[in-house]
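Report on the structure given below.
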Amino acid sequence: MIQRIALSLIVIAIAIGGGTASVWYALRAQEGIGALTVGGWTAFPAIGTPEADPYAMARIARDGTLPLGRAEGLAFIAERDSAGNRLRRECDYRVEGLTPTARFWTLVATDETLAALGHGGRASAVQSRQVLRRADNSFAVGVGPHPAPGNWLRIDGTGPLALVLTLYDTPVTGGAGLGAFELPQVLKSGCDA
């Protein structure tokens, strides 16, 4: 009798633990159901629409975010550099390349919960109307604790880092062009030891 009760409690503990772990992973993962991955960037095109999957709805409720509708824009998140390594605040990176056509875009440095990082009361962000561009319309933005020439996002502290590139009023969200474009690369320049 005691053996059956103990076995039943173990099975219940495994079921509750496994269920909790799978929900945590599904809500935290930046890939999977409804995800669009372009290079190292991931977006959820349906997240601000009635067609959003249950995991996207749960992610919105958990984070308390107000997602963009399909006609408003699309937010891409990079948690890894182009080599596949996890982004860290103590490292320096270069975000370089082109963005798809958009009326306006922003690049914001965030922590792992996607809360904007800042310094001196200002968010670590650049936007399309202030970024210095090359002759071919590409750009490079330094991201890290050490100053970089040109465009630079200052990052302080240690721990995980994520970059959020939001394209506003872009044809990319129309559906036909999804996946047929490139986003900037995130290249590691170096790390503090």
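Values quoted throughout were computed directly from the atomic coordinates according to the rules given, and no laboratory measurement underlies them. Since the structure is predicted, the reported quantities are computational estimates derived from the model, not experimental observations. Here the Cβ is made from the backbone with ideal geometry for all residues, glycine too, and neighbour counts use every protein chain on show.
With the convex hull of its Cα atoms as the shape, the chain has an orientation-averaged projected area of 14.8 nm². Relative to its Kirkwood radius, the Cα radius of gyration of the stretch 52-144 gives an Rg/Rh of 0.97.
Sequentially through the stretch 72-79, phi angles give Karplus couplings (6.51, -1.76, 1.60; θ = phi - 60°) of 8, x, 8, 9, 9, 10, 10, 10 Hz, Gly and Pro residues having no value and appearing as x.
For the chain, leaving out every one of the trypsin sites (Lys or Arg not before Pro) that falls in a DSSP loop and has at most 13 other Cβ atoms within 10 Å, the longest unbroken run is 1-102.
Give, in nm to one decimal, the length gained when the segment between Arg4 and Cys191 is fully stretched (0.36 nm per residue of separation minus the Cα-Cα distance).
Numbers: separation 187, 0.36 × 187 = 67.32 nm, distance 5.44 nm.
Additional length available on full extension: 61.9 nm.
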